[in-house]
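Encoded as structure tokens, the structure appears first; notes follow it.
The values are calculated or read from the model by the stated rules, or taken from the named source; none is laboratory data. Quick caveat: nothing in here was measured; it's all calculated off a predicted structure. All Cβ positions, even for glycine, are placed from backbone atoms using ideal geometry, and neighbour counts span all protein chains on display.
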Amino acid sequence: MSNGISIVKGILWVLVWFGFMIFYTVLDILIWRKIAPEQSRFLNLITVAICMAIFLNLLVTKTNFKLRLFSNISFLGIVLALGCSVLFYFLLDKGLDPLFEDLFPSSKENYQQIIRLIQISPIVSFFDFCILAPILEEVLMRGFLLDGLSINYGKIVALLISAAFFSILHFNIAQIIPSFICGIILGLLYFYTDSIFSCILAHMGYNAISYMMIMLSKL
């Protein structure tokens, strides 16, 4: 999908997105929640979508990255993606996440806050959690970083680096190891299918399962 990139170039683009994340988070806290508290979640969603569009446009225009979301789609790729979604749910939600949250109580509290936000604003949370986040994270981590680094440094190094950044960008100490493992699996899925669509579908599927379980727990 892309030409080879250096580790430094990969880090710089991850930091660029990190800057966008800081921007829309600060904007939400300092402006949206004060001037329109009831609509702040929706306004933040729009801000995130705009930031994503600007970032992806910069990524495409400033590098040789080719954004091909719907290339190499196959039945096998879809089946594997959905299988990964189910695997992630049992591996993370029913396995590693509770274990690490018990070790890091503050992370468990943050997770409970996320659950409350999802239950309070289910529609906005669905688009944020199940649509926007998987697209951006997979395009950046697998489509750009993993693919580009693998050309210059080989698949193993690229897998480790992209998975490490994927885990760090979740900003939750309890999710570092679980997210790293998922990053490795998503990277292997990308290499096997040669399709960023499969990775996005796997990520969306897992988030959608978690989302539905959170909503069902409210009933």
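Computed quantities for the displayed model
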| read-out | value |
| --- | --- |
| Filtered residues of the range 85-120 (kept if in contact with a Phe, Trp or Tyr (Cβ under 8 Å, 6 or more places away or on another chain) and more than 16 Å from Ile209 (Cα to Cα)) | Glu101, Ser107 |
| Among the candidates Asp102, Asp97, Asp93, Asp28, residue that is loosely packed, with under 13 Cβ neighbours inside 10 Å, in a helix (DSSP H, G or I) and of a type in the set (D, E, K, R) | Asp102 |
| Matching residues, the range 68-90, being on the phi < 0 side of the Ramachandran plot, of a type in the set (S, T, N, Q) and surrounded by 13 or more Cβ atoms within 10 Å (Cβ to Cβ) | Ser74, Ser85 |
| Test: residue in the range 61-75 that is at pLDDT below 95, within 17 Å of the chain's Cα centre (by Cα), under 20 Å from Ala208 (Cα atoms) and outside any helix (DSSP H, G or I) | yes |
| Every residue from the range 33-65 that is among the β-branched types (Val, Ile, Thr), over 24 Å from Val124 (Cα atoms) and surrounded by 12 or more Cβ atoms within 10 Å (Cβ to Cβ) | Val60, Thr63 |
| When residues of the range 192-211 are limited to those that are in contact with a helix residue (DSSP H, G or I) (Cβ under 6 Å, 6 or more places away or on another chain) and aromatic (Phe, Trp, Tyr), the one nearest to Gly148 (Cα to Cα) | Tyr206 |
| Count - residues of the range 177-208 that are over 22 Å from Ile114 (Cα atoms) and free of Cβ contacts under 8 Å to residues at least 60 places away in the same chain | 5 |
